[in-house]
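The values are calculated or read from the model by the stated rules, or taken from the named source; none is laboratory data. Just so it is clear, the structure is predicted and the values come from calculations on it, not from any experiment. Every residue, glycine among them, receives a Cβ derived from its backbone with ideal geometry; neighbour counts consider all protein chains shown.
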């Protein structure tokens with residue numbers, strides 16, 4: 001155990017450095033057209049077919065896991081958002097650097113209140129990291145606005161941060177901003193690996209304790225393990241190969 005302490009101390013340092021990852025752009029006021037570097041209309045492939053966003057969105061509702069934070073990092077403030085991690089308030093955790101000038105209306109997560117969404121008069125709905133459930137998607141499309149769901153070939157709650165950033169960036173007319181942000185994050189991961197070479201090849205287990213007091217390990221290609229892999233460690237060979245399907249904070 002004593003030999004493992006420096007490794008975990010280094011890991012905690014890296015996690016702290018990367019906790020606020022994402023270079024926030026200048027926020028826009030909800031209802032105002034943000035400046036964009038993409039041409040419209042834009043067509044985005046999703047698991048439910050191609051979705052066309054006809055013009056620069058002005059009123060964005062972000063329902064997918066971290067869709068709101070991703071939009072905000074690109075300088076767009078959603079008028080409605082889902083608080084997946086139940087942090088309360090405006091739904092932004094302390095790790096998010098950018099802040100809202102006008103907080104969005106907080107909406108449901110697993111169960112979406114269609115009337116509440118419709119009342120916000122959105123012209124774009126982001127649901128890029130969600131259950132990937134056809135019924136959920138079909139219900140949202142009843143509102144008559146473009147719904148950008150999980151990427152083509154994606155699985156429930158498993159949209160990678162790269163795919164989410166690229167998809168949200170394209171839908172908002174911010175593809176170049178998204179590309180710059182991706183390059184910045186990849187460089188920060190590279191810098192962290194260079195500063196902590198002892199993480200390279202180390203084995204790691206990621207787990208959580210639920211409200212019942214039970215403990216479980218995240219497996220497969222869950223978001224937590226993907227994040228740790230970016231820093232150099234690899235999953236412990238004792239971890240079962242089956243991927244977690246639960247929409248819990250560890251898959252963010």
Quick count over the stretch 204-228, residues being in contact with a helix residue (DSSP H, G or I) (Cβ under 6 Å, 6 or more places away or on another chain) and at pLDDT 80 or above, is 6
The one condition in (1) under 19 Å from residue 149 (Cα atoms); (2) touching a residue at least 40 places away in the same chain (Cβ under 8 Å); (3) in contact with a strand residue (DSSP E or B) (Cβ under 6 Å, 6 or more places away or on another chain) that residue 77 fails to fulfil: (3)
Count, please, the residues in the stretch 121-178 that happen to be at pLDDT below 95 and under 15 Å from residue 80 (Cβ atoms). 1
Could you tell me whether the stretch 65-74 includes any residue that is surrounded by fewer than 24 Cβ atoms within 10 Å (Cβ to Cβ), at pLDDT 95 or above and not in a loop (DSSP other than H, G, I, E, B)? no
Out of the stretch 210-227, which residues are closer than 17 Å to residue 85 by Cβ and within 22 Å of the chain's Cα centre (by Cα)? 210, 218, 222, 223, 224, 227
The stretch 229-251, subset in a helix (DSSP H, G or I) and at pLDDT 90 or above, residue surrounded by the most Cβ atoms within 10 Å (Cβ to Cβ): 230
